[in-house]
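Below is one structure, written out as structure tokens; the observations come after it.
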Amino acid sequence: MCSLALWSLMRDVTAQFTMDDAVLHPGYRPEEGSDEEGLWRMMDRAEGNLQLSRFVVRDPQLNEFISDMICRLGKDYCPDIRAYVVRTPYFNASMAPNGMMQIWTGLLLRCSDEAQLAAIVGHEMGHYIHRHSIQRFRDVRNKAGLSAFLGLGLAAAGAGWAGNITDLALTASIFSFSREQEREADSVGLEIMARAGYTPVAAHEVWQQLLAEQEVSTADRTQNVMFASHPAPEERLVTLREQAELLDGERGERGYERFRESLAGVRQQIVDDELRLRQYGRSEVVFDRLIAQSPKDGLLWYAKGEVYRKRAEPGDLKRALDAYQTALDTDSAPPETYRSIVLVELKQGNKAKARSTLDLYLEKYPEAADADSLQMLFY
Ligand SMILES: [Zn+2]
């Protein structure tokens, strides 16, 4: 069977899904007085809190890009979905039953292009369109009692960077979907992103990348929210790859340039937040992969240098200096690169080299806010 025939067969299967009562139609509102309405109201309140949160990223360029992508993916559902970029350095996106979507900045850092982000967003839309939350809600209510669920549900919906990671993992596991729901979200998500014209293989790539990161991570798997709430990535990788092949996986759009441009205003902050986690092995994998994709990106080379400077294991300071030098050889090194070289050279006792780097820094950036404090290091 040619891939086009399979493609239309899959479309028929999806058409059957939409005939199902379990599927949410565009513009849907739950029946008044129903448990589903209660769940929505709870999420509406959480959304009100989120809207006021200082962790919501307000960058207009990024938000416009995300809205456009949501509408391209969601089509008729577009008016029902409100997306918030939340400053939290972990790989995650979520979608509440009332249409509130959260995209965490750690996910944005880890996506190579728009197609990869579309794969994750499409997956979350799959949970939403198939009303997995209310099914899960009813399931958990019957098993665990409502009060525990309600308290945790609110915490989960409002959780962000401020949230304790143990709480996040716990709430994510309370809100975790069944394996069957995850499989459905995966295939519906793939269908959504492919129909919107994005490259289908991006879906398994993004999981593969997360797995590579996880393999070097010293942190326990339960510390990763996405692993806490989702089945083993090994299994979904295989399935997503097979399904992408049926959809002529390499076709479609990557949206690399647009994705990059939309992140321009927030990239430095996202990189700094990642470094602040002090999970250096994991960060090294992330930055190495991004550098392989954009070898002339000064910010990424600076970030790689920071990983080594902060980790400071044997050989790391030399590695840091090499990375900083490569950053300076590009036309996009952040000014902080000079400051970090000064710090490393001083640490190694190379006062003259530190001095000449500082002079160069102040010559290039006479207004540098840290000029005085750096001068102090030489007294
Ligand atoms: Zn999921």
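So if each residue of separation counts as 0.36 nm, and I subtract the Cα-Cα distance between SER294 and CYS78, what length gain in nm does that give?
Extra length from SER294 to CYS78 when fully extended: 74.5 nm.
Based on the Cβ-Cβ distance of LEU362 and GLU215, what FRET efficiency does E = 1/(1 + (r/R0)^6) give at R0 = 35 Å, to the nearest 0.05? Don't skip to the answer; put the middle values down first.
Working: r = 43 Å, r/R0 = 1.22.
After rounding to 0.05, the efficiency reads 0.25.
Can you give me the distance in nm between label points at VAL238 and GLN325, each placed 7 Å from the Cα along the Cα-to-Cβ direction?
That separation, rounded to one decimal, is 4.7 nm.
How high is the relative contact order of the range 266-376, in percent, counting Cα pairs under 8 Å that sit 6 or more residues apart?
19 percent
For the ranges 361-369, 58-66, what's the packing order if you count other beta-carbon atoms within 10 Å of each residue, average per peptide, and put the highest first?
In descending order of packing, they fall as 58-66, 361-369.
In nanometres, what is the gap between the two model label sites at VAL23 and GLU245, each 7 Å from Cα along Cα-to-Cβ?
2.7 nm
Taking 0.36 nm per intervening residue step and subtracting the Cα-Cα distance, what contour gain separates LYS347 from SER176 on full extension?
The LYS347-SER176 span can extend by a further 56.9 nm.
For LYS304, list the lysines whose Cα falls under 20 Å from its own Cα; do not include residues on the same chain fewer than 8 positions away.
Once the sequence-local lysines are set aside, what remains near LYS304 is LYS296, LYS318, LYS347.
Set the Förster radius R0 to 51 Å, insert the Cβ-Cβ distance between GLN135 and TYR379 as r into 1/(1 + (r/R0)^6), and round the FRET efficiency to 0.05.
Using R0 = 51 Å, I get an efficiency of 0.15.
For ARG260 and ASN49 in the same chain, what is the full-extension length gain: residue separation times 0.36 nm, less their Cα-Cα distance, in nm?
Full extension of this stretch gives 73.0 nm more.
Can you tell me the FRET efficiency between ARG276 and GLU31 if r is taken as the Cβ-Cβ distance and R0 is 51 Å, rounded to the nearest 0.05? Please list the in-between numbers first.
Details: r = 45 Å, r/R0 = 0.89.
Step by step, r from the Cβ atoms, then E = 0.65.
We did not get these values from a lab; they are worked out from the coordinates using the rules stated. Predicted model, so just to flag it, every value in this text is computed and none were measured. Neighbour counts are summed over all protein chains in view; Cβ atoms, including those assigned to glycine, are modelled from backbone coordinates with ideal geometry.
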